[in-house]
Amino acid sequence: MPWTNQELQSHLRAAKLLDKIKNQTFGFIRKNPGTTEQKVRKYIRKLFKENQLRLAKDSPIVAFGKNTSEVHHFSTSNSQRLTPNTPILIDLWTRQNKKSSPFADITWMGFHGHKIPSEFQKIFQVVINASDACLKHLKTQLLKGKIPTGAELDKVTRGIIKKSGYDKNFTHSTGHSLGFSSPHGKEKGINYKNDEPLEKNLGYTIEPGIYLKNKYGARSEIDFYINSQGKIVITTGIQKELVIIKSNDA
């Protein structure tokens, strides 16, 4: 069901705050290079509270090293400590803490160290390319006055990953609609099962990922909606490069 203008505005505010909190989080990691997943998670939830955002269940996901190879890694009190030459994944979802407020949902990747493993850099770039291809196809179709189906967009995204040889390591859908009680809405998302055009004025994610078991993974996640005029509105930042936390940063 399309969002009202009030609901769209609420999503935009939450998305803007998530981008700010994401930047603050990488700043926290930069100042505390020996931190743990759980400490970073607690820091983010503190920022949620300070910004009057909902403390959603399980949010955020903070994963270091091989834990990034899990689609959903939920850290515990015995969470992994950040060490040099380590990938970082941060998945944040929240909404304004008031009625009729839809979620915003983003994932960003970083790396702690100076020398990025070539394979990790490769899968990160493939994920970015897949996300870009999905956006490009969506924009091209909208310019033609057509709204693509979720299955059509999923096929484009998955095609980029398959061409790079990682199709078996992309183990979830390209994206989902955004909801109110959880980040996953009730409406169909960007996946092979959705043969219906996306809805206007409804938020969706694009979040391709590649996960190499017990090694590392990479995911990029942005939010967008198609407005009443049939134009795409991207509501979150778009990652193009890894956030680098150098080993000697203090």
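The values are calculated or read from the model by the stated rules, or taken from the named source; none is laboratory data. Because the structure is a prediction, the values reported are computed rather than measured. Neighbour counts are summed over all protein chains in view; Cβ atoms, including those assigned to glycine, are modelled from backbone coordinates with ideal geometry. Only protein heavy atoms, including side chains, enter the accessible area calculation; ligands, DNA and RNA are left aside. Shrake-Rupley method; radii C 1.70, N 1.55, O 1.52, S 1.80 Å.
Observations, loosely collected:
- Seen from all directions on average, the stretch 120-198 presents a Cα convex hull projection of 5.8 nm².
- Span-like helix ranges in the chain, DSSP H, alpha carbon extent 30 angstrom or more, Kyte mean at least 0.0: 118-143
- Placing +1 on the Cβ of every Lys and Arg and -1 on the Cβ of every Asp and Glu, with no other charges, gives the stretch 90-162 a dipole of roughly 260 debye about its Cα centre.
- Dipole of the chain, positive end: most advanced residue of Asn191, Thr157, Ala218 [Cβ charges, Cα centre]: Ala218
- Between Lys99 and Glu196, the modelled label-to-label distance comes to 2.7 nm, taking each label 7 Å out from Cα in the direction of the beta carbon.
- Rg/Rg_globular for the stretch 15-99, with Rg_globular taken as 2.2 N^0.38 Å and Rg from C-alpha atoms: 1.05
- Student exercise, the stretch 106-250 dipole from Lys, Arg, Asp, Glu Cβ charges, in Debye to nearest 20: 360
- Amide H within-cut-off set for Gly175, under 5 Å, with H built and near neighbours excluded: Ile190, Glu207
- A helix-only calculation puts the chain at -11000 deg cm²/dmol for mean residue ellipticity at 222 nm, using -39500 (n - 2.57) for each DSSP H run of at least four residues, averaged over all residues.
- Put simply, the Cα atoms of the chain extend 51, 44, 24 Å along their principal axes, the longest span coming first.
- Protection-proxy order for peptides 234-243, 81-90, each taking the mean of Cβ atoms within 10 Å per residue, highest first: 81-90, 234-243
- The residues of the chain expose, per residue, 47 Å² of accessible area to a 1.4 Å probe.
- Carbon/sulfur fraction of accessible area - the stretch 124-187, other protein chains in place, 1.4 Å, %: 54
- From most to least packed by mean Cβ count within 10 Å, the peptides 58-69, 139-150, 210-221 give 58-69, 210-221, 139-150.
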